[in-house]
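What follows is a single structure, written as structure tokens, with notes after it.
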């Protein structure tokens, strides 16, 4: 797309966002405006891509009380979460040696350890890259329907109860 066309598209997107944000708090409007700018630049807006590339934006989103969340922020920007441009990491870094691999479980044996002690030593460490996790849930063993993740997306389960901090309710029917 040419630069003038992209510029016109960006202005149109920001104008639409401005109309939709009247009922939002100032903090929410700031987040939505930044999402609109990233969308206009063609950047991926899936949660993990934003976590890697724009952590301050995600922090600002999660700081909003009552809890708002990334999915609601995306929707407030007039975007459909299922239609976002996505970027998935194709490797995770072993924090023991710095090597980048698709998955660490077998590699960890070379260090004389396994997943459980590794994640205890390195809380929050990724064990399998996003790309492999996505592929796992996009197919089933029999080649039929895609698997559903073992846990539903957590944001809709987060409650505003308790100021929106730390209270998760079970999904209906679970």
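Couple of notes before you dig in:
- Among residues of the stretch 113-135 that are touching a residue at least 24 places away in the same chain (Cβ under 8 Å), those with a beta-carbon under 9 Å from a residue that is surrounded by fewer than 13 Cβ atoms within 10 Å (Cβ to Cβ) and assigned to a helix (DSSP H, G or I) at least six positions away or on a different chain give the pairs 127/105; 128/105.
- Scope the stretch 65-89; condition assigned to a loop (DSSP other than H, G, I, E, B), under 25 Å from residue 127 (Cβ atoms) and in contact (Cβ under 8 Å) with a residue 60 or more places away in the chain; matching residues: 69
- Restricting attention to the stretch 91-112, the residues that are in a loop (DSSP other than H, G, I, E, B), over 21 Å from residue 50 (Cβ atoms) and in contact (Cβ under 8 Å) with a residue 12 or more places away in the chain total 7.
- In the stretch 141-156, the count of residues that are at pLDDT below 60 and outside any loop (DSSP other than H, G, I, E, B) is one or more.
- All conditions in (1) under 24 Å from the mean Cα position of the chain (by Cα); (2) at pLDDT below 95; (3) surrounded by fewer than 17 Cβ atoms within 10 Å (Cβ to Cβ) hold for residue 33, with the sole exception of (2).
- Among (1) out of contact with any strand residue (DSSP E or B) (no Cβ under 8 Å at 6 or more places or on another chain); (2) surrounded by fewer than 17 Cβ atoms within 10 Å (Cβ to Cβ) - the single one residue 99 does not satisfy: (1)
- Candidate set: the stretch 15-30, residues that are part of a helix (DSSP H, G or I) and crowded, with 17+ Cβ neighbours inside 10 Å; chosen: the one modelled with the lowest pLDDT: 17
- In the stretch 41-59, residue surrounded by the fewest Cβ atoms within 10 Å (Cβ to Cβ) [restricted to those that are modelled with pLDDT under 95 and under 14 Å from residue 30 (Cα atoms)]: 59
- Residue 86 being closer than 26 Å to residue 131 by Cβ and modelled with pLDDT under 95: yes
- Residue match in the stretch 39-52 (condition: closer than 26 Å to residue 136 by Cα and free of Cβ contacts under 8 Å to residues at least 12 places away in the same chain): yes
The values are calculated or read from the model by the stated rules, or taken from the named source; none is laboratory data. Because the structure is predicted, anything quoted here is derived from the model rather than measured. Don't worry about glycine lacking a Cβ; one is built from the backbone with ideal geometry, like all the others, and counts go over all protein chains shown.
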